[in-house]
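The values are calculated or read from the model by the stated rules, or taken from the named source; none is laboratory data. Since the structure is predicted, the reported quantities are computational estimates derived from the model, not experimental observations. Glycine gets a Cβ as well: all are built from the backbone with ideal geometry, and neighbour counts include every protein chain shown. Note: areas computed on protein heavy atoms with side chains; ligands, DNA, RNA excluded. Shrake-Rupley method; radii C 1.70, N 1.55, O 1.52, S 1.80 Å.
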Amino acid sequence: MEQQRSWNCDDDTAAPPGPNPPEQEIRAQLDRILASTEFNVPARVRQFLIYVVNETLAGRADRIKAYTVAVEVFGRDANFDIQNDPVVRIEAGRLRRALERYYLLAGSSAPVLIEIPKGAYVPRFHWQPEHEDDGPPGSQPAFLSRHGSAAAPAWRGRYRLAGSLLALGTLAAVALVWAVDWPQSAGTAAALPTPPGPSLTLKPFANLSGQPEVNYYAAGLTDELLAQLVRFKELTVLARDVSGDAPPGDMAGKAPRLAGSRYLLEGGIRLSDGKLRVSARVRDGESAAILWAGIYDADPREKTIVDIETTIAATVATAIAQPYGVIFANPPRPRPDKRGPDLLPQECSYRFYHYRTVLAPIEHAQARECLEQVTARYPEHATSWAMLAYLYLDEERYKLNRSPGSPPPMARARASAERAVRLAPENVRGLQALMTVLFFSGEASEALRIGLQARALNPNDTELLGEFGAWVAQSGNWARGAGMIEEAMAKNPGQSSYYTGQLALASYMQGEDTRAVALIKRANLQNFSIYHFVAALIFARHGMSHEASQARAEFLKQRPGFFADFDGELDRRNFNARDRAILIRGALQAGFPVRTQLSAWDERSSSAAPAAEPSQGSAQRSQP
């Protein structure tokens, strides 16, 4: 038993509790994999699998490192440079994909799972859920969680979903299906299976130089791109088989057709005079029109190839998959086939993101109606619940189209955000919605903790980063929050007006009046009521009385009852004592009808010291 534990229980890669399959079952499964036509890989990858399984079963798992694999499997000499020769990482990625393909197709009913965890080379061995009774009598199946609840290996849900798609004839010659929300309950009687979102097929990047070493760079970049793209849960990412060699734009018959939008990401790598040039482009899958293209240069003599791959992949993934990137800036064409449901989640997603760029009442109502319909039809679609949480929240914080009756907007917003996180705990959009709802519910510390958690899941999600930065700033750390907003702006110009308005407020709160004026003039948020409030404060303090008067009049027109509970508005936005005093003085200076008692309170608080640093674990002390 001690030897069996050593197979799967490294420091960072411990297997779930429960019995491992016996050695003879593991070796029998290895033979089945190697004999399968679906495990179609080069001989070196087969040797890689044989080596790591044999070493682990022999109790030598601690020897399985990148260096030993490179020397003993791939024939590298003793001077092998792990930093500049990514052969092991690249071939490990190919082996992982081949194993997933095998279990997706021929091995869907195999009794034993053999997997190579991401970031490690020591294999794990599990019973598949259907064979949970194969272990010793009374033992807990290996796929049960530490709390005793069903928790199949992470890739298991993908196999089941992809297998059913295969049975329906919608999945043809494709290697992997990623990033779909796996339903947890039937919902209502009228509920339908959750459809995939906009789909992007990633074609392996091509070697445009003809030099053999460029193949490693191309395979590594493709693998890194896949890892970065699947973090964006609104997008369904398909990986074309590495062996595919179709010309650019030739997608017919090579990958499944999914409902709604369809895109292809392809590119190539050149090596000239020791320098790399990477080109990437996104095509419309139906018209073959190029929607986006980018070129990136790098010098392997200045940075390791791993650093180059990671940087370029993050840049490309952010440009393509972020909420205001290439995919979501190109809404789907109207569907001529009316046999399906009237609405799909992705159609509502486009409406939601359009609303977020204008923050206008009409767009708010349209997006809310769309998402209420789609969550009734697809109750397991986590992203739709997250978006709906924002629309309910905006009924309260921006007073947009408040629905009569109960429950009130904040209760509906919280319930929707919590449901999104419950359905898909690693969906960044759900965590972002919960973060924001908690922030406006007076639970700032917990909100920022959730923000840190979401950012760790996807550091390239600028929609999250910009909003997280806004709440870090509004909690009192204006410089730090502004830095995060600026980073989001640099990566995501699609939301520049919203971010610019947030930066204008941060500059005002830090006494940078000239910069605040320049920023607020650049922002274009005429339908966003709070924009006019901030503009009035900035213009008034800078001596621009005419502009301040116009902004004050427009704000009072859009929010006539705001100052009836100004204290409550400041409470809901979690301003500390110092910042409240600045805002109250600014509102008085701008001529807003601030109540007398608040004015008196301002005089008492004007000498208040800045709020203390938040406790450990908040965003202000940690490093998001």
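Within the stretch 559-570, how many residues turn out to be open to solvent by 20 Å² or more (accessible area, probe 1.4 Å) and not in a helix (DSSP H, G or I)?
Here the count works out to 2.
Would you check if Gly405 is at positive phi and either over 16 Å from the mean Cα position of the chain (by Cα) or touching a residue at least 12 places away in the same chain (Cβ under 8 Å) (or both)?
Against the criterion (at positive phi and either over 16 Å from the mean Cα position of the chain (by Cα) or touching a residue at least 12 places away in the same chain (Cβ under 8 Å) (or both)), Gly405 qualifies.
Restricting to the stretch 398-417, count the residues that are of a type outside the set (S, T, N, Q) and in contact with an Asp or Glu (Cβ under 9 Å, 6 or more places away or on another chain).
Adding up the residues that qualify gives 7.
Exactly one condition in (1) of a type outside the set (Gly, Ala, Ser); (2) assigned to a helix (DSSP H, G or I); (3) within 30 Å of Ala313 (Cα to Cα) is not met by Ile520; state its number.
Going through the list (1) of a type outside the set (Gly, Ala, Ser); (2) assigned to a helix (DSSP H, G or I); (3) within 30 Å of Ala313 (Cα to Cα), Ile520 breaks only (3).
Which residue is modelled with the lowest pLDDT, if the candidates are limited to the stretch 336-357 and must be surrounded by fewer than 20 Cβ atoms within 10 Å (Cβ to Cβ) and of a type outside the set (D, E, K, R)?
Here the residue is Gly340.
Just to be sure before I move on: is Leu556 part of a helix (DSSP H, G or I) and surrounded by 21 or more Cβ atoms within 10 Å (Cβ to Cβ) in the structure I sent?
For Leu556, the condition - part of a helix (DSSP H, G or I) and surrounded by 21 or more Cβ atoms within 10 Å (Cβ to Cβ) - is not met.
Can you pull out every residue in the stretch 29-48 that is touching a residue at least 60 places away in the same chain (Cβ under 8 Å), part of a helix (DSSP H, G or I) and open to solvent by less than 40 Å² (accessible area, probe 1.4 Å)?
Those that are touching a residue at least 60 places away in the same chain (Cβ under 8 Å), part of a helix (DSSP H, G or I) and open to solvent by less than 40 Å² (accessible area, probe 1.4 Å): Gln29, Leu30, Ile33.
So Leu434 passes all but one of these: (1) farther than 20 Å from Pro409 by Cβ; (2) modelled with pLDDT of 95 or more. Which condition number does it fail?
(1)
So, in the stretch 267-304, of the ones that are over 24 Å from Asn492 (Cα atoms) and in contact with a helix residue (DSSP H, G or I) (Cβ under 6 Å, 6 or more places away or on another chain), which residue ends up surrounded by the most Cβ atoms within 10 Å (Cβ to Cβ)?
Among those that are over 24 Å from Asn492 (Cα atoms) and in contact with a helix residue (DSSP H, G or I) (Cβ under 6 Å, 6 or more places away or on another chain), it is Ile269.
Take the stretch 507-517 and flag every residue that is part of a helix (DSSP H, G or I) and touching a residue at least 12 places away in the same chain (Cβ under 8 Å).
Selection gives Ser507, Tyr508, Met509, Asp513, Thr514, Ala516, Val517.
How about the stretch 442-462: which of its residues are open to solvent by 10 Å² or more (accessible area, probe 1.4 Å), more than 13 Å from Glu426 (Cβ to Cβ) and part of a helix (DSSP H, G or I)?
Ala444, Ser445, Glu446, Arg449, Leu452, listed by residue number.
Being in a helix (DSSP H, G or I) and either open to solvent by 10 Å² or more (accessible area, probe 1.4 Å) or not small (Gly, Ala, Ser) (or both) is the filter here; which residues of the stretch 62-75 pass it?
Asp62, Arg63, Ala66, Tyr67, Thr68, Val69, Val71, Glu72
Give the stretch 223-234 a look and list any residue that's part of a helix (DSSP H, G or I), farther than 9 Å from Glu309 by Cβ and open to solvent by 20 Å² or more (accessible area, probe 1.4 Å), or say none. Let's see the steps before the verdict.
As a first pass, look at the stretch 223-234 and keep what is part of a helix (DSSP H, G or I): 223-229.
Filter again for farther than 9 Å from Glu309 by Cβ, leaving 226-229.
Listed by number, the list holds a single entry, Ala227.
Restricting attention to the stretch 592-599, does a residue exist that is at pLDDT below 95, part of a loop (DSSP other than H, G, I, E, B) and at positive phi?
No, the stretch 592-599 has no match at all.
Looking at the stretch 532-553, which of its residues are open to solvent by 30 Å² or more (accessible area, probe 1.4 Å), assigned to a helix (DSSP H, G or I) and within 19 Å of Leu503 (Cβ to Cβ)?
Arg541, Glu547
Across the stretch 256-280, which residue is modelled with the lowest pLDDT among those that are closer than 12 Å to Ile327 by Cα and touching an Asp or Glu at 6+ places or on another chain (Cβ under 7 Å)?
Narrowing the stretch 256-280 to residues closer than 12 Å to Ile327 by Cα: 260-265.
The next check asks that each one be touching an Asp or Glu at 6+ places or on another chain (Cβ under 7 Å); those that pass are 262-263.
Details: Arg262: 78, Tyr263: 87.
Ranking the qualifying residues of the stretch 256-280, first place goes to Arg262.
Under 7 Å between Cβ atoms, at least 6 apart or on separate chains: pull out the pairs that start in the stretch 105-123 with a residue that is over 22 Å from Lys65 (Cα atoms) and end on any residue that is open to solvent by 30 Å² or more (accessible area, probe 1.4 Å).
Leu105/Glu38; Ala106/Glu38; Ser109/Glu130; Ala110/Arg32; Pro111/Glu25; Pro111/His131; Pro111/Asp134; Val112/Glu25
Pick from the stretch 362-403 the residues that are open to solvent by 10 Å² or more (accessible area, probe 1.4 Å), in contact with a Pro (Cβ under 7 Å, 6 or more places away or on another chain) and not in a loop (DSSP other than H, G, I, E, B): which of them is farthest from Asp565 (Cα to Cα)?
Arg377
Residues being within 17 Å of Ile582 (Cβ to Cβ) and surrounded by 21 or more Cβ atoms within 10 Å (Cβ to Cβ): count how many of those fall in the stretch 479-489.
Number of matching residues: 2.
When Pro86 is evaluated against the numbered criteria (1) touching a helix residue (DSSP H, G or I) at 6+ places or on another chain (Cβ under 7 Å); (2) surrounded by fewer than 16 Cβ atoms within 10 Å (Cβ to Cβ), which criterion, by number, is the only one it fails?
Answer for Pro86: the failing condition is (2).
Being assigned to a helix (DSSP H, G or I) and in contact with an Asp or Glu (Cβ under 9 Å, 6 or more places away or on another chain) is the filter here, so list the residues in the stretch 418-429 that pass it.
Leu423, Val428, Arg429
Any residue at all in the stretch 502-516 that is open to solvent by 10 Å² or more (accessible area, probe 1.4 Å) and within 20 Å of Pro323 (Cα to Cα)?
Scanning the stretch 502-516, I find at least one residue that is open to solvent by 10 Å² or more (accessible area, probe 1.4 Å) and within 20 Å of Pro323 (Cα to Cα), so the answer is yes.
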